[in-house]
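In what follows, a single structure is set out as structure tokens and then discussed.
The values are calculated or read from the model by the stated rules, or taken from the named source; none is laboratory data. Quick caveat, the model's predicted, so the values are computed rather than measured. Cβ sites come from the backbone with ideal geometry, for glycine too, and all protein chains shown count toward neighbours. We work out accessible area using only protein heavy atoms, side chains counted, and drop any ligands, DNA or RNA first. Shrake-Rupley method; radii C 1.70, N 1.55, O 1.52, S 1.80 Å.
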Amino acid sequence: METLVTVLVFAPIVGAAIAGLFGRRIGDVPSMAVTTGLLLLSCALSWTVFVQWTWGGLEPFTHTLMRFIHVGDFQSNWAIRIDGLSAVMLIVVTTVSALVHLYSWGYMTDDPSKPRFFAYLSLFTFAMLALVTAADFMQLFLGWEGVGLASYLLIGFWFHKDTANAAAIKAFVVNRVGDFGFVLGVMTVFWAFGTIQFAEIFPLVAANADRTWEFAGQNWRLMDLACALLFVGAMGKSAQFFLHTWLPDAMEGPTPVSALIHAATMVTAGVYMVCLLSPMFEYAPVAKNIVTLIGAVTALFAATVGLTQNDIKRVIAYSTCSQLGYMFFAAGVGAYQAAMFHLFTHAFFKALLFLGAGSVIHGMHHEQDMRRYGALAKALPVTYAVMMIGTIAITGLGVPPVFGLEPLGFAGFYSKESIIHAAFSAGAENGIAYFAFVIGVLVAGLTSFYSWRLAFFTFNGHARWGHDDHAHGEAHNANDHASAAQLETHDEPVAHADDAHGHGQDHKPHESPWIMLVPLLVLSVGAIFAGGFFEGSFIGHHQEEFWRGAIFNGPDNHVMEHHEAPVWAVLAPLVAAIIGLGVAAYMYLWKEGLGARLAARGGPLYTFFYNKWFFDELYQATFVRLAKLLGDLFWKGGDQKIIDGLGPDGVSAVSYEVGRRAGKLQSGYVYHYAFVMLLGVAGILSYALWAWGR
């Protein structure tokens with residue numbers, strides 16, 4: 001098993017090295033084949049490990065490969081840790097990545113830099129595998145930074161576009177803010193325990209739960225301080241409130257990148273870390289409340305913004321941000337198993353939605369604005385079918401366990417219902433948890449509305465992609481007038497982020513090739529069955545034997561025990577989802593054009609949501625502007641005027657001026673030289689007479 005997991009982890013980096021270093025020599029097809037083949041191998045081995053863990057009796061183990069950093073008491077080894085958490089994450093990461101590699105064969109067919117793209121994908125996957133199999137904080141941090149670097153390269157893959165470069169830099173900088181808190185958290189843990197090994201830290205937490213640290217005149221509880229700092233890192237990586245601004249801009253990367261980064265891998269790293277550190281968070285009540293509050297606010301914020309977006313990828317991106325909020329407030333109330341269950345199911349339906357959106361974009365000749373879609377169900381039947389599956393899964397429609405009925409639904413129904421139920425159960429003792437429950441129900445309705453809005457706006461109604469609609473000519477009917485009004489109402493430019501080849505406005509939509517559709521069909525199976533099939537293992541009666549100590553619930557944490565909730569609490573999220581579906585159907589099917597007219601009318605609330613709560617403008621006016629002012633001060637004032645002005649530039653300027661003035665004495669006339677010599681003789685004689693007179 002040790003050899004198997006070693007091959008599993010390192011296969012992607014071998015593919016990345018081959019495609020990245022030798023891609024130009026071996027060509028596009030061999031580069032794509034080797035990276036995709038090695039990812040499929042890694043995926044097959046990951047499922048082997050998961051099956052052995054779930055049904056084969058595999059026990060947790062740590063396989064040490066080599067010494068990494070040994071400096072004094074700071075001991076770090078490169079190791080592969082296999083337990084319930086890493087087994088789940090291995091199949092999530094490798095399955096989505098393998099399907100993204102396969103999908104990219106069709107999606108990137110016209111791109112001239114395919115070896116570089118596939119090398120970046122495999123590099124990203126290796127960094128994620130290193131992260132989820134880490135046995136200490138150092139390797140966790142290495143994988144953490146590795147996915148940050150790879151995401152920078154992938155988001156800015158089309159570096160000839162200024163918007164892609166700006167988005168890549170923004171993602172990198174915002175994540176560095178979070179990572180600063182993460183590093184401080186690791187330092188705090190090492191200072192407190194003298195080790196960074198998870199296996200050595202976790203048994204010591206309970207005995208040190210009440211330790212305090214005096215800082216800045218205040219006493220801080222050790223666990224609360226360490227966990228809060230570590231959570232700051234999770235906020236950046238998982239795009240939580242305050243550090244979320246990079247996520248929508250990351251849509252500038254190719255659509256397969258969006259599916260890989262935002263569906264199952266990088267953005268879920270923060271959730272995974274909080275669940276991995278459950279032995280610490282269970283003794284950090286203040287930090288858990290912070291996680292709950294930030295998660296709930298993020299879920300609400302992203303859902304409200306998603307209501308008004310028109311770029312199909314941005315709607316799904318804000319949906320990701322909102323679903324991550326669900327996962328975090330689940331972990332915050334102590335339902336780590338439910339958080340991991342939603343992470344697991346979310347990987348399937350969100351990757352399905354992103355890749356489905358990519359199929360729509362491909363079929364619409366790289367058009368991303370939903371206002372230029374409509375009536376695509378017949379032109380893209382397979383894409384339409386899988387997108388409907390993903391939409392049903394994310395909205396949580398199903399049969400709840402009330403009135404003696406057995407629960408029945410797609411993947412997202414089971415995991416989202418478990419989170420909202422857990423928040424309600426925890427709310428009996430914690431007001432913040434009850435706040436999260438209320439937000440969770442409200443966001444369920446908002447999620448349903450914007451998800452069905454995307455589906456109806458894209459696949460139903462009348463076609464808005466004809467030549468006449470783009471020419472700003474007379475629309476054919478009232479609905480056409482509404483669509484044209486909506487197109488011309490906003491100052492946001494129509495997005496063509498996935499394109500390098502033109503907009504294809506006069507071309508008819510077409511279905512994607514089968515190399516792109518097969519991954520969608522595979523993900524559809526997961527979006528349908530992953531929830532019901534694995535519910536018992538993740539959160540049901542078999543959860544203890546499935547997790548086997550990988551997740552820790554403190555003695556006072558009973559949130560994952562099976563409590564009877566009132567019928568209204570069980571039905572609330574479903575009712576909210578049905579209301580969202582009904583409103584979306586009314587606005588975009590029965591009264592088609594109503595949404596466009598409401599958008600054209602604007603209003604303060606719509607403007608607030610459409611401009612993403614004005615966070616970008618706020619950060620631009622404060623942090624960015626202040627950073628620029630400080631940069632100019634230190635650069636122009638400190639560096640140029642003081643350091644360079646008094647240093648090398650000043651010395652060279654003085655030398656130049658002295659030389660220039662001295663050079664004027666070299667006139668070339670003999671009488672000038674004779675005059676200077678006479679002045680010199682007179683000076684010497686004067687000095688001699690003065691000295692003799694003394």
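Before moving on, here are some points about what is shown:
- Each of M187 and A206 was given a label point 7 Å from its Cα along the Cα-to-Cβ line. The distance between the two points is 3.2 nm.
- Approximate spin-label separation R176-Y687, in nm, with each point projected 7 Å along Cα-to-Cβ: 5.8 nm
- Nearest-0.05 FRET efficiency for M66 and A199, computed from C-beta distance (R0 25 Å): 0.90
- Sorted largest first by accessible area at a 1.4 angstrom probe radius, with every protein chain in place, the residues K636, K313, K508, K114 fall in the order K508, K636, K114, K313.
- Computed FRET value (nearest 0.05) for V575 with A428, which takes r as the C-beta separation and R₀ as 30 Å: 0.90
- As an equivalent ellipsoid, region 238-391 spans semi-axes of 31, 15, 12 angstrom, where each value is the square root of five times an eigenvalue of the C-alpha gyration tensor, largest first.
- Start at zero, step by 10 Å, and the Cα-Cα distances of region 355-423 spread as 19, 37, 22, 18, 4 percent across the bins.
- Two-site FRET efficiency, K508 against V583, from Cβ-Cβ distance with R₀ of 30 Å, rounded to 0.05: 0.45
- Centre-to-centre, using Cα atoms only, region 210-254 and region 502-576 are separated by 26 Å.
- Per residue, the convex hull around the alpha carbon atoms of region 164-266 comes to 121 Å³.
- Listed residue pairs exceeding 27 Å between alpha carbons, taken from K636/K664; K237/K288; K237/K313; K114/K170; K313/K378; K641/K664: K636/K664; K641/K664
- Computed extension length for L630-A600: 6.7 nm, one decimal, from 0.36 nm per residue of separation with the Cα-Cα distance subtracted.
- Rounded to the nearest 10 Å², the accessible area of I419 at probe 1.4 Å: 0 Å²
- In this structure, the amide hydrogen of F68, modeled 1.01 Å from its nitrogen in the peptide plane, lies closer than 5 angstrom to those of S76, N77, W78, counting only residues at least 5 positions away or on a different chain.
- The sum of -39500 (n - 2.57) across all DSSP H runs of n ≥ 4, divided by the residue count of the chain, sets its helix-only mean residue ellipticity at 222 nm to -21500 deg cm²/dmol.
- Against the chain, whose longest principal axis comes from its Cα atoms, helix 312-332 is set at around 80 degrees.
- Taking the Cα atoms of the chain, the ratio Rg/Rh between the radius of gyration and the Kirkwood radius comes to 1.12.
- Taking only the C-alpha atoms of region 5-86, Rg followed by Dmax gives 16.4, 48 Å.
- Principal semi-axes in Å for region 41-164 [√(5λ), Cα gyration tensor, largest first]: 30, 21, 9
- D136 long-range amide H proximity, modeled H, under 5 Å: F198
- Amide H contacts of A550: G84, each under 5 Å away and 5 or more positions distant or on a separate chain (H built 1.01 Å from N in the peptide plane; Pro and chain starts excluded).
- Region 551-667: projected area of the alpha-carbon convex hull, averaged over directions, in nm²: 20.7 nm²
- In plain terms, the chain from E544 to L665 could stretch by 34.1 nm, reckoned as 0.36 nm per residue minus the Cα-Cα distance.
- Spin-label pair A385-V567: with each label point 7 Å from Cα along the Cα-Cβ axis, the two points sit 3.8 nm from one another.
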